[in-house]
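Student: Quick one: the structure is below, questions incoming.
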Amino acid sequence: MFNWIIQALLALAGIIAAWFVAPSAPNFDFVQMVVALLLLTVFVALAAFWPTLAIWRRNRRPRDRA
């Protein structure tokens, strides 16, 4: 199961990295790894702060003015 997560993360990172660097470039693997680490950081941050973000989002909704 862990292998599936890593493969999905690297596939998504490969797509994003290909927008900026040609896949045939010698440094493509490095750029793909950097993008994968950034994606992993974003996913972990969202998971860690999800309750706080949900409360913040709920409080920002406009109130009914009836």
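What follows is calculated from the coordinates using simple rules that are stated; it is not laboratory data. Nothing here was measured: the structure is a model prediction, and the numbers come from that model. Ideal geometry is used to build each Cβ from the backbone, glycine not excepted, and the neighbour counts take in all protein chains shown.
Student: Relative to the Cα centre, what is the charge dipole magnitude of the chain, using +1 at the beta carbon of each Lys and Arg, -1 at the beta carbon of each Asp and Glu, and rounding to the nearest 20 debye?
Tutor: 680
Student: In addition: With a bin width of 5 angstrom, please list the P(r) values of the chain as percents of all Cα-Cα pairs, from the 0 bin to the one holding the largest distance.
Tutor: The distribution over the chain is 3, 16, 17, 16, 12, 10, 9, 7, 5, 3, 2, 1, 0, given as percents.
Student: By how many degrees, 0 to 90 and rounded to 10, does the Cα axis of helix 28-60 deviate from the longest principal axis of the chain?
Tutor: 0
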